[in-house]
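The structure under discussion appears below in the form of structure tokens.
The values are calculated or read from the model by the stated rules, or taken from the named source; none is laboratory data. All values reported here derive from a predicted model rather than from experimental measurement. Here the Cβ positions follow ideal geometry from the backbone for every residue, glycine too, while neighbour counts run over all protein chains shown. Ligands, DNA and RNA are stripped out before the accessible areas are found, and what is left, the full protein with its side chains, is counted by its heavy atoms. Shrake-Rupley method; radii C 1.70, N 1.55, O 1.52, S 1.80 Å.
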Amino acid sequence: MSQEYNPAKLELTNLEPITNTDLILPQAVDIKIEKLENRQRRVFAKIQIPYSLEQVWQVLTDYEAFTEFMPNFTESRRLAHPTGGIRLEQVRTKSFMGMKVSTKLVVDIEENFPSKIHYQQVEGDFKNFSGYWQLKPWNLSLEQDGVELSYNFLIWPKPILPGALVEHVLSHDIPVSMLAIRERIEKLFSRG
């Protein structure tokens, strides 16, 4: 069973906060999901990370290492790009209600160091999938800076993808993935 997302314009309006009670954390992930027509969803999530822009950027752009720390990523590899850009193929596998569901996605990436990483689906198991990571400086204290990492995207699943699975992935797996990014950064760059 495959799923598909497709890219579109992202605007943050009429967002409803999602509370994730599964995660008891000192630093929660803020996530908002907007339901659009035709089963589309606009998602905005953010987390604060007490490390430098360069360190966060390094983890976000180490695409082939995603399978080492990102939940449900079973494959993440670079493909040849027709114009020399960055093209990735990613496969995610999730167990849901006793079934394994895998999705394949090929995206083109545009990196704008140090602030944004845009991605756009070129093929895959979604009707539409597009968005970006945004990194903004964040002052943790007078002595320490950090990064506010935002994940902003639009998805449009194909009809064969159960709505309950889509909602679970968005409200649960997105925060878990953002926490996995923060944990990877802490593991690589811990100051203690």
(request) State which residue is least open to solvent (accessible area, probe 1.4 Å) when the search covers only segment 97-123 and only residues that are small (Gly, Ala, Ser) and at pLDDT below 95. (result) Ser102
(message) So, restricting to strands (runs of 3 or more DSSP E) that lie completely within segment 27-88, which ones have at least 3 residues that are closer than 15 Å to Met178 by Cα and of a type in the set (Val, Ile, Thr)?
(response) 41-49
(request) Taking only segment 58-85 into account, find how many residues are hydrophobic (A, V, I, L, M, F, W, C) and open to solvent by less than 30 Å² (accessible area, probe 1.4 Å). (result) 6
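Look at Arg92 and say whether it is crowded, with 17+ Cβ neighbours inside 10 Å, part of a strand (DSSP E or B) and of a type in the set (Lys, Arg).
yes
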(message) Looking only at segment 37-92, how many residues end up being at pLDDT below 95, out of contact with any Phe, Trp or Tyr (no Cβ under 9 Å at 6 or more places or on another chain) and within 25 Å of Ile160 (Cβ to Cβ)?
(response) 3
(message) Exactly one condition in (1) over 17 Å from Ile49 (Cα atoms); (2) open to solvent by 60 Å² or more (accessible area, probe 1.4 Å); (3) not polar (S, T, N, Q) is false for Lys136; which is it?
(response) (1)
(message) Return the residues of segment 139-192 that are open to solvent by less than 30 Å² (accessible area, probe 1.4 Å) and part of a strand (DSSP E or B); say none if nothing qualifies.
(response) Gly146, Val147, Leu149, Ser150, Tyr151, Asn152, Phe153, Leu154, Ile155, Pro157
(message) Looking only at residues that are outside any strand (DSSP E or B) and in contact with a strand residue (DSSP E or B) (Cβ under 7 Å, 6 or more places away or on another chain) in segment 109-124, which one is nearest to Glu148 (Cα to Cα)?
(response) Ser115
